[in-house]
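Every number here is computed from the coordinates shown, using simple stated rules; none is lab data. Since this is a predicted model, take the numbers as computed values, not measurements. Cβ coordinates were reconstructed from backbone atoms using ideal geometry, including for glycine residues, and neighbour counts include every protein chain displayed.
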Amino acid sequence: MNDPHVKALHYTVKHGPHVDYSKAPPFEREESDFKIRIEGLHAEITMKSHFASLEEARAAIEPFLRAWSLDMALTYGPRALEFDYERGQIIDRKPTPGVHVLVAEPASFKVSFGKPGLTVGLAAFPPPPSGIARDPIVDMMLGRYVLYRDGGTILADAANFCLTALGVGAGSRKAAPNHYGIDKKVLSKLGELASTKGGAHARKAAAATADFAPRERQWLEHAMTLIIRRAAEVAFDPHAARRPITMADLPQL
């Protein structure tokens with residue numbers, strides 16, 4: 001090709017059985033570099049900016065898609081909205097006369113389903129978020145949260161893992177409150193519950209006789225979603241001023 005240009009990227013939309021988009025009309029949105037249209041289980045992203053290779057185009061688009069998936073996972077549960085790359089379309093903006101070049105990729109499809117449960121019917125595709133991004137710390141925390149929601153680990157482990165990950169991201173446990181804008185009381189309570197409660201599924205033997213009260217379980221689950229989202233906000237812009245997350249943002253204990 002003389003002047004390759006990525007015209008569009010195509011993704012398969014996938015989701016777990018706990019969400020239902022069957023009544024959602026087609027979704028369209030324009031960003032500075034691209035336009036996205038979702039209809040059924042297919043997403044077409046038409047490029048507005050120039051990208052000479054599929055790798056460049058995907059590198060520009062997929063952080064947007066991953067942030068959207070993160071937002072949906074924290075709001076509606078794991079695998080509420082995900083995107084699997086299917087194929088791309090490349091055109092030659094300066095073709096040689098009489099020479100026709102066809103660029104095709106084998107399509108790939110992946111389908112994954114979460115644990116069955118209550119289905120949330122959505123009348124429309126929720127819009128993508130703004131001001132969040134994913135980095136290795138966010139991905140670690142999200143991975144452990146999803147593992148817990150899938151029944152692969154215990155609540156105390158997931159909560160403590162997220163607390164530890166914040167310390168890694170901030171450089172130390174002591175620096176985490178200021179780095180992420182989370183009140184010390186919130187992180188202290190999270191660590192306390194994860195260490196001293198849990199009953200038969202406790203992290204520590206000393207906590208085996210003290211199960212979580214329903215309100216404590218709810219508190220920990222909500223706290224995890226809040227701190228993962230806050231970590232994603234910091235990943236997007238570590239220098240922005242933010243209101244600290246306090247105990248008032250969480251259910252009463």
(request) Could you tell me whether any residue of the stretch 32-55 is farther than 19 Å from ALA133 by Cα, surrounded by fewer than 17 Cβ atoms within 10 Å (Cβ to Cβ) and touching a residue at least 60 places away in the same chain (Cβ under 8 Å)? (result) no
(message) Going residue by residue through the stretch 204-219, is there one that turns out to be surrounded by 12 or more Cβ atoms within 10 Å (Cβ to Cβ), among the polar types (S, T, N, Q) and closer than 24 Å to GLY151 by Cβ?
(response) yes
(message) Kindly evaluate GLY181 against the criterion of being touching a residue at least 24 places away in the same chain (Cβ under 8 Å), surrounded by 14 or more Cβ atoms within 10 Å (Cβ to Cβ) and at positive phi.
(response) yes
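For every residue, the table says whether it meets (1) farther than 26 Å from THR75 by Cβ; (2) more than 20 Å from the chain's Cα centre (by Cα); (3) part of a helix (DSSP H, G or I).
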{"residue": "ASP211", "(1), (2), (3)": "yes, yes, no"}
{"residue": "ARG215", "(1), (2), (3)": "no, yes, yes"}
{"residue": "THR225", "(1), (2), (3)": "no, no, yes"}
{"residue": "ILE228", "(1), (2), (3)": "no, no, yes"}
(message) Checking the structure you have, find out if any residue of the stretch 153-176 is hydroxyl-bearing (Ser, Thr, Tyr) and buried (at least 21 other Cβ atoms within 10 Å of the Cβ).
(response) no
(message) I'd like to verify a number: residues in the stretch 11-31 that are under 22 Å from LEU54 (Cα atoms), crowded, with 17+ Cβ neighbours inside 10 Å and more than 18 Å from the chain's Cα centre (by Cα), how many?
(response) 0
